[in-house]
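Notes follow once the structure below has been shown.
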Amino acid sequence: MACRECDTLQRVSLVAPGCKVLCRECGSFLYRHPKGGIERPLALMLGGLLLYLLANAFPLVTLDIGGISRETSLAGTGWALYQHDMKLLGILVLATTVVVPMTIFSGTLYVLTGLRWHKRLPGIRGTLLLLSHMHPWEMADVFVISVLVALVKMSGMAEVIVGGGLYALLGAIVLGIAARAGMDIFLLWNMLEGIPGRRHVPEGRPGVGEVA
């Protein structure tokens, strides 16, 4: 593993749950072994996916202006922007609030399921690689903050009714964050390499990282 701070290449070993590994040169953080095993993030991700599906099935908010009610859903916000001559922005909102989070939830569940039962599922390696690059594009939390700011500003002009979809989205975001806190990408790759079905690459001889 190469240190992200000083680029020192070193061989790291697996440590006990609750421990972390530091760079032997600069002392920077390399990886940690979270407590709870693979079952905890697997359960949290499953709960997050179910809540995210509910967030897409129910309206986020309903606005009542002069007896006229308008409600919007998670996907409906991007679609509304697309229909009002903001096609690029609408596509971006749909991608970052619907496509990317759904892919992350389902892809992570797919990887964790294979690792939990020690099965090299088809495409599991490519899925884990894809997830490593997709996390920076997950903007559901930013979207929720934007919605809350808009609701505060519109509360004086219309009656704002918070729908079940917004509560479900908040729950999905919290569970997703908790699940990622219980995972480490190095450990996931290491577990994948330990599943039979692929030739292992021999380890090199660089120095060993410091266990903390």
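Derivation of every value follows stated rules applied to the coordinates shown; laboratory data play no part. This is a predicted model, so every value here is computed, not measured. Quick reminder, even Gly has a Cβ in these numbers, built from the backbone with ideal geometry, and neighbours come from all protein chains shown.
Worth a mention:
- Pairwise label distance in nanometres, LEU129 with TYR167, each label 7 Å out on the Cα-Cβ vector: 4.3
- Most to least packed among 122-128, 95-101, 59-65 [average Cβ atoms within 10 Å]: 95-101, 59-65, 122-128
- Exposure proxy order (Cβ contacts within 10 Å, fewest to most) of LEU74, LEU129: LEU129, LEU74
- One decimal place: the segment SER13-ARG70 gains 14.9 nm when fully extended, by the rule 0.36 nm per residue minus the C-alpha distance.
- For segment 68-85, Karplus couplings with θ = phi - 60° (6.51, -1.76, 1.60), whole Hz, Gly/Pro x: 9, 9, 10, 10, 9, 10, 5, 6, x, 5, x, 5, 5, 5, 5, 6, 9, 6
- Dipole-positive endmost among PHE105, GLY66, HIS118 within segment 34-183 (Cβ charges, Cα centre): HIS118
- Of the peptides 35-46, 12-23, the ranking by mean beta-carbon count within 10 Å, highest at the top, reads 35-46, 12-23.
- Theoretical FRET efficiency, 1/(1+(r/R0)^6), r = Cβ-Cβ of ALA2 and HIS118, R0 35 Å, to 0.05: 0.80
- Put simply, the convex hull of the Cα atoms in segment 82-121 casts, on average, a shadow of 3.1 nm².
- Spacing of the two label points (7 Å from each Cα toward its C-beta) at GLU39 and ILE195, in nm: 1.9
- Only one of (1) 18.7, 59; (2) 21.3, 73; (3) 22.6, 71 was calculated from the structure for Rg and Dmax of the Cα atoms in Å, and its label is (2).
- Within segment 34-183: Cβ-based charge dipole about Cα centre, in debye rounded to nearest 20 (Lys, Arg +1; Asp, Glu -1): 740
- The orientation-averaged projection of the convex hull spanning the C-alpha atoms of segment 13-100 amounts to 10.3 square nanometres.
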